[in-house]
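Quick notes on the structure that follows.
The values are calculated or read from the model by the stated rules, or taken from the named source; none is laboratory data. Because the structure is predicted, anything quoted here is derived from the model rather than measured. Here the Cβ positions follow ideal geometry from the backbone for every residue, glycine too, while neighbour counts run over all protein chains shown. For the accessible areas, the whole protein counts, side chains as well, though only heavy atoms, and no ligand, DNA or RNA atoms are used. Shrake-Rupley method; radii C 1.70, N 1.55, O 1.52, S 1.80 Å.
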Amino acid sequence: MSGGQAPEDRFPTFRVLAQAPAWDAATRELVLSRVRPPHPPVYLNGHEFATATALVGQLLDLDDELAAHLAASIDHRLTEDETDGWHYDDMPVDHDVWRQVLAGLDDDARQRNGTTFVELPAAEQHALLHALHTSQDERWHDLNRGHTWDLLLRYTCTAYYAHPAAWDEMGWPGPAYPRGYKNIGIDAREPFEQEDRVPSADPTKDRDDE
Amino acid sequence: MRYRDVRKRNESAWLLPADHRRTNQALREGMRTFGDDDEVDLVVVGCGAGGSTLMQRLARHGWRIVGIDAGPFWDPEADWVSDEAGSHKLYWTEPRTIGGGDPVPLGSNNSGRGVGGSMIHYAGYAPRFHPSDFKELTNEGVGADWPIDYADLQPYYEAIEEELPVAGQPWPWGVPHRYPQSPHPVGGNGEVFQRGALAAGIEARVGPVAISNGRFGHRSHCIYRGFCLQGCKVNAKASPLITHLPDAIEHGVEIRPDTMVSRIGFDERTGLATGVHYLRNGREHFQKARMVAVAGYSIETPRLLLNSANDRFPNGMLNDFDLVGRYLMVQGAPQTAARFDSEIRMYKAPPPEVSTEQFYETDPSKPYKRGFSIQTVSPLPITWAEHVAAQGHWGRELRERMSDYVHWACLGALCEFLPLAENRITLSEEKDRHGLPVAHMSYSQCDNDKMLVDAATTVMSEILSAAGGTDVITIKRYAHLVGGARMGATERDGVVDRECRAFAVPNIVIPDGSVFPTQGSANPALSIMANAARVADALATRPMPSATEVPAGAAA
């Protein structure tokens, strides 16, 4: 299914957290809090949280432990009503959308296999989400389908690309204060940056024959 | 630029500590305070670009001023982080709803919250408008005319450019001018723009950015860490928090943060505003004032006016002619990216580096009016994920493309969307945590708007391809806000007059971006500050409306 360069191969020994001593205190405390064991969910109940974990794992192809970490950070946002400051006027508020989505995934799973979403085999979960993503219908259950997909992916990417594990596979050194950068420009690197091992492995090219 | 002259009229940069503490705590702790019953000369709602500049100028004329802001009084060292997700609190994340044919996402895109306003998280581009922006209706049959000209703003542009200060190459577009500071060195993304523009025969320049290139007062040099949109912990990038408020406080202004203004007070007998009702720590207060400045920007300014309806103004304060909230504008801001085998690492150096205004003016050979500018933008990972997800990717495919991040360069356009009456702020059924109706923003593009977005996307693709980029991708998005309470020649054209005083209530002034009738394809911050400085000069010369100026209807 995947023809691209595995994300782990580009910067295999790059570890952002090794640079943590060079960061300012406020930023270091924040970033380190993201790799500590997460708090138990507050807004989502146990089953909803398990469903959210499976959903997040599928949306970014992540293992359960990391997916649960991200689901916990999403739960925290929903508990605190930490939205992006807007919602479409044809959509409920964000925390209601999430609850409806998690119930809707179970409805879809029951129709497909007679089980909950969490109980579906991974490949079936993927197929179900693929159907949701590519459907031509404007609605999905009681929600605007396109707006719902965008919201789920936005929350999930915000959680993952705030996590040092994501920065490692991108070769992005993360926080940069008070150190800053001295070597700017094309193909210029700092001593703490690492070269891409497979610079010509263009993931867009690899899919042309798909 | 002579630093001595700048310091003489605005000492802000010299009132900051010269070390890593970034904030002058003693200045804040010793700040003058006023009681609710002190009738101050001016209460300002919103401490962003417009409100802060107005306060700094009028404080130096001896005005007694309280500035109120819904958000925190930031301390860059303690409150801000070198991190994308952790900077969420810089944006207006109180609820708002969006709709229309082309709904515009808000929050991190265009809305700030806290003392310093949206300039805390703007990129730092500080271009001027062009003279053509002020007479579009007369000269080109689109948009609107301003009741002022470029010449009215020019001296204030020059003054504010020195106070921020702005760095960049000599500017050949609009009215050609130079900048007080020399251009910054550019990173990989800026190099791509320069190389591609040269190959494509397009003129580009470094700047103009309001990021100090060198030490300025006690502010530090930029460290090129690329987190301009997350609040500058270095104090290198300009925002009113460091460019105008220290001097304002030194001259007796009180800043009242974490305070939500709910309604403007109004006396039907005199036809004048009496002050503002506000909520602080869960309690209601009323600050008496001789004059009220509404500077909440293009969403919160109309919202406050609409939430201030009374017997005299049943449809919202100043809304006799159904103009409040209308003619709201965003700029079409598509971003186009391309891949290079080289490592671009666009996250290094400030996102605002290089820009062109070659396409700013109407090109008679094109089917559309007005134009666009193109600038470097350098999305950090979370924002870059939006670009990748917008192409329809998710799962492993999305992560593979994200891991290719160091190879991508990204440009952004600002397309001049035209002012349309139906693009507007109204009150939603939904309430915020204070029980106040939230803003609903409706937005739809006209054909001209859509043609500009397509044209700008084509030019960006040409530049990136000419630089050697492949796999070009584009995300359609929006940037900036202006309009919603525009200035006009008469009360039927605008909510406020050329001095930004309300036609209907002469002691209400609106010194923010909501008064702009058009927007060009320039980032608005510099123009908002320059206009506020101009408004302040007018107020200082003619502080109170005379009795004859009180509208006749008000006394009835």
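In table form, for the structure just shown:
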item: Label point at B:Asp258 placed 7 Å out along Cα→Cβ; residues across the stretch B:60-85 whose backbone nitrogen lies under 13 Å; result: B:69-75
item: Cβ-defined net charge surrounding B:Glu203, 15 Å radius [Lys, Arg +1; Asp, Glu -1]; result: -2
item: Structure-based [θ]222 nm, chain B - -39500 (n - 2.57) summed over DSSP H runs of at least 4, per residue, nearest 500; result: -7000 deg cm²/dmol
item: Gained length - A:Asp81 relative to A:Asp9, 0.36 nm times residue gap less alpha-carbon distance; result: 22.2 nm
item: HN-Hα J in Hz across the stretch B:125-133 - Karplus 6.51, -1.76, 1.60, θ = phi - 60°, x for Gly and Pro; result: 4, 9, x, 8, 6, 9, x, 5, 5
item: For the stretch B:412-513, accessible area per residue (1.4 Å probe, heavy atoms of protein chains only), Å²; result: 34
item: Förster radius 22 Å - calculated FRET efficiency between B:Arg215 and B:Glu29, Cβ distance, rounded to 0.05; result: 0.25
item: Histogram of C-alpha separations across the stretch A:36-162, 10 Å bin width, %; result: 13, 47, 35, 5, 0
item: Interface B:A - total buried accessible surface [probe 1.4 Å, Å², rounded to 100]; result: 5700
item: Reachable lysines, given that their alpha-carbon falls under 21 Å from the alpha-carbon of A:Lys182 and they are not under 8 places away in the same chain; result: B:Lys233, B:Lys237, B:Lys348
item: The stretch A:36-162, accessible surface, carbon-and-sulfur percent (1.4 angstrom probe); result: 50
item: Residues with amide H under 5 Å from that of B:Phe286, placed H, sequence gap 5 or more; result: B:Tyr278
item: Charge dipole (the stretch A:36-162, unit charges on Cβ, about Cα centre) - positive-most of A:Gln100, A:Ala67, A:Ala52; result: A:Ala67
item: Leading residue at positive end of dipole, the stretch B:3-545 (Cβ point charges), from B:Gly67, B:Phe134, B:Thr97; result: B:Gly67
item: Debye equation applied to the C-alpha atoms of the stretch B:3-545, log10 I(q)/I(0) at 0.07, 0.08, 0.11 Å⁻¹; result: -0.36, -0.47, -0.92
item: In Hz, Karplus ³J(HN,Hα) per residue of the stretch B:254-266 (6.51, -1.76, 1.60; θ = phi - 60°; x = Gly, Pro); result: 9, 9, 10, x, 6, 9, 9, 7, 9, 6, 8, x, 8
item: Charged-residue dipole, Cβ positions (Lys, Arg, Asp, Glu), the stretch A:124-198 about Cα centre, Debye nearest 20; result: 240
item: Other-chain or far-sequence residues with amide H under 5 Å of A:Trp86's (modelled H); result: B:Arg96
item: Cut-off under 5 Å, modelled amide H: who pairs with B:Leu427 long-range; result: B:His440
item: Gain in span if fully extended, A:Asp137 to A:Asp96, counting 0.36 nm per residue against the direct Cα distance; result: 12.7 nm
item: Computed E for B:Asp537/B:Asp38 - FRET, C-beta separation, R0 25 angstrom, nearest 0.05; result: 0.50
item: Potential extension, B:Asp432-B:Asn139 segment - 0.36 nm per residue separation minus Cα distance; result: 101.1 nm
item: Neighbour net charge for B:Leu304 - beta-carbon separation under 14 angstrom, K R +1, D E -1; result: -2
item: Residue-averaged 222 nm ellipticity for chain A, from DSSP H runs of 4+ at -39500 (n - 2.57), nearest 500; result: -15000 deg cm²/dmol
item: 3J(HN,Hα) from dihedral phi, the stretch B:307-312, Karplus parametrisation 6.51/-1.76/1.60, rounded to Hz, x for glycine, proline; result: 6, 9, 4, 8, 4, 6
item: Efficiency of FRET from Cβ geometry, A:Leu32 and A:Asp150, R₀ 30 Å, rounded to 0.05; result: 0.50
